[in-house]
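Undergrad: Here it is: the structure, laid out below.
The values are calculated or read from the model by the stated rules, or taken from the named source; none is laboratory data. Fair warning: this is a prediction, and the values are worked out from it, not measured in the lab. FYI the Cβ positions are ideal-geometry reconstructions off the backbone, even for glycines, and counts take in every protein chain you see.
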Amino acid sequence: MASLGPTGGIGRPSAGAAGSALTIGVAVTVPEPFGSAIQDARAGHGDPQARAIPTHVTLLPPTEVAAERLPEVRAHLAAVAAARRPFRMLLHGSDTFRPVSPVVFIRVEEGAQECRELEAAIRSGPLARELAFPYHPHVTVAHGLPDLVLDQALADARTFHAAFTVPGFTLSRFGADEVWRPWHGYAFSGH
């Protein structure tokens with residue numbers, strides 16, 4: 001997966017990170033039992049990245065950051081979280097980015113506007129950057145698989161339904177083993 005595909009999601013970043021640069025991403029984590037159910041479905045469709053990427057809604061796609069800028073980045077993320085309140089998220093039904101990108105996803109039916117506002121706030125200051133495609137909050141179920149498999153994933157996820165409260169977001173780091181791991185959580189504390 002390219003670092004900035006049409007999904008705008010967390011995936012495999014581009015090779016060639018220089019010296020002290022780290023690859024980070026920021027996302028809303030989909031809680032249990034929903035996160036595991038989506039990850040199991042993704043693995044069941046044969047998606048090789050199913051276990052390397054925790055189930056999430058991306059707020060900042062893979063982004064290289066110089067290690068010395070991490071204190072500034074963390075302060076920025078803390079300020080964004082401090083200004084927000086928890087919100088309700090409803091994931092329901094499926095859709096696809098095909099033919100632009102071979103991705104099937106679960107739709108964010110409620111909480112999408114809050115995700116858009118968070119994404120804009122996070123992708124500013126020390127994390128300002130351009131995106132290759134417009135931001136579209138979603139949860140990936142299958143990516144880069146044959147069309148017949150993507151068709152099946154689309155059909156299987158059509159009745160998916162999950163509702164939960166989003167209490168904050170997570171800063172994750174891409175490891176040398178090509179696995180995304182949560183690194184630091186930021187709780188919303190605004191009123």
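Undergrad: With respect to Val80, determine if the residue is surrounded by 21 or more Cβ atoms within 10 Å (Cβ to Cβ), of a type outside the set (Gly, Ala, Ser), modelled with pLDDT of 95 or more and outside any loop (DSSP other than H, G, I, E, B).
TA: Values: surrounded by 21 or more Cβ atoms within 10 Å (Cβ to Cβ): yes; of a type outside the set (Gly, Ala, Ser): yes; modelled with pLDDT of 95 or more: yes; outside any loop (DSSP other than H, G, I, E, B): yes.
Spelling it out, Val80 is indeed surrounded by 21 or more Cβ atoms within 10 Å (Cβ to Cβ), of a type outside the set (Gly, Ala, Ser), modelled with pLDDT of 95 or more and outside any loop (DSSP other than H, G, I, E, B).
Undergrad: Give me the residue from the stretch 103-116 that is assigned to a helix (DSSP H, G or I) and touching a residue at least 40 places away in the same chain (Cβ under 8 Å) and, out of that set, surrounded by the fewest Cβ atoms within 10 Å (Cβ to Cβ).
TA: As a first pass, look at the stretch 103-116 and keep what is assigned to a helix (DSSP H, G or I): 112-116.
Filter once more, so that each one left must be touching a residue at least 40 places away in the same chain (Cβ under 8 Å): 114-115.
Values: Glu114: 20, Cys115: 23.
Among them, the one singled out is Glu114.
Undergrad: May I ask you to list the residues in the stretch 94-112 that are among the hydroxyl-bearing types (Ser, Thr, Tyr) and over 18 Å from Gly35 (Cα atoms)? It would help to see each step written out before you state the result.
TA: First, pick out the residues of the stretch 94-112 that are among the hydroxyl-bearing types (Ser, Thr, Tyr): 94, 96, 101.
Matches in the stretch 94-112: Thr96, Ser101.
Undergrad: Suppose we filter Ala176, Ala155 for residues that are surrounded by fewer than 20 Cβ atoms within 10 Å (Cβ to Cβ), more than 15 Å from the chain's Cα centre (by Cα), modelled with pLDDT of 95 or more and of a type in the set (A, V, I, L, M); which single one remains? Quick ask: steps written out before the conclusion?
TA: Details: Ala176 fails: modelled with pLDDT of 95 or more.
Ala155 is the lone residue from the list that is surrounded by fewer than 20 Cβ atoms within 10 Å (Cβ to Cβ), more than 15 Å from the chain's Cα centre (by Cα), modelled with pLDDT of 95 or more and of a type in the set (A, V, I, L, M).
Undergrad: A further question follows. With Thr140, Thr165 as the choices, which residue is hydroxyl-bearing (Ser, Thr, Tyr) and loosely packed, with under 14 Cβ neighbours inside 10 Å? Spell out the reasoning first.
TA: Working: Thr140 fails: loosely packed, with under 14 Cβ neighbours inside 10 Å.
Criteria check complete, one pass: Thr165.
Undergrad: Test Arg74 against the stated conditions and say whether it is modelled with pLDDT of 95 or more and more than 20 Å from Arg181 (Cβ to Cβ). Walk me through it before giving the result.
TA: Details: modelled with pLDDT of 95 or more: yes; more than 20 Å from Arg181 (Cβ to Cβ): no.
Considered against the rule, which asks whether it is modelled with pLDDT of 95 or more and more than 20 Å from Arg181 (Cβ to Cβ), Arg74 comes out as no.
Undergrad: I've got another one for you. Search the stretch 166-188 for residues that are farther than 15 Å from Pro62 by Cβ and among the hydroxyl-bearing types (Ser, Thr, Tyr) and pair each with any residue that is part of a strand (DSSP E or B) and modelled with pLDDT of 95 or more when their beta-carbon atoms are under 8 Å apart and the residues are at least 6 apart or on different chains.
TA: Tyr186/Gly168; Tyr186/Phe169; Tyr186/Thr170; Tyr186/Leu171
Undergrad: Let me ask another. Would you mention how many residues in the stretch 142-165 are in a strand (DSSP E or B) and touching an Asp or Glu at 6+ places or on another chain (Cβ under 8 Å)? Break it down into steps so the answer makes sense when it comes.
TA: Filtering the stretch 142-165 down to residues in a strand (DSSP E or B) leaves 142-143, 161-165.
Then drop every residue that is not touching an Asp or Glu at 6+ places or on another chain (Cβ under 8 Å), which leaves 142-143, 163.
Within the stretch 142-165, residues that are in a strand (DSSP E or B) and touching an Asp or Glu at 6+ places or on another chain (Cβ under 8 Å) number 3.
Undergrad: Right, here's the next one. Answer with yes or no whether Thr170 is among the β-branched types (Val, Ile, Thr), crowded, with 16+ Cβ neighbours inside 10 Å and modelled with pLDDT of 95 or more.
TA: When the stated conditions are applied, Thr170 passes them.
Undergrad: Arg173 is checked against (1) in contact with a helix residue (DSSP H, G or I) (Cβ under 8 Å, 6 or more places away or on another chain); (2) assigned to a strand (DSSP E or B) and fails just one. What number does that condition carry?
TA: (1)
Undergrad: Can you tell me how many residues within the stretch 117-139 are among the charged types (D, E, K, R) and assigned to a loop (DSSP other than H, G, I, E, B)? Before you say what the answer is, go through the steps one by one.
TA: As a first pass, look at the stretch 117-139 and keep what is among the charged types (D, E, K, R): 117, 119, 123, 129-130.
Still in the list and also assigned to a loop (DSSP other than H, G, I, E, B): 123, 129-130.
Adding up the residues that qualify gives 3.
Undergrad: Does the stretch 43-55 contain at least one residue that is at pLDDT 95 or above, in a strand (DSSP E or B) and polar (S, T, N, Q)?
TA: No - not one qualifying residue is present in the stretch 43-55.
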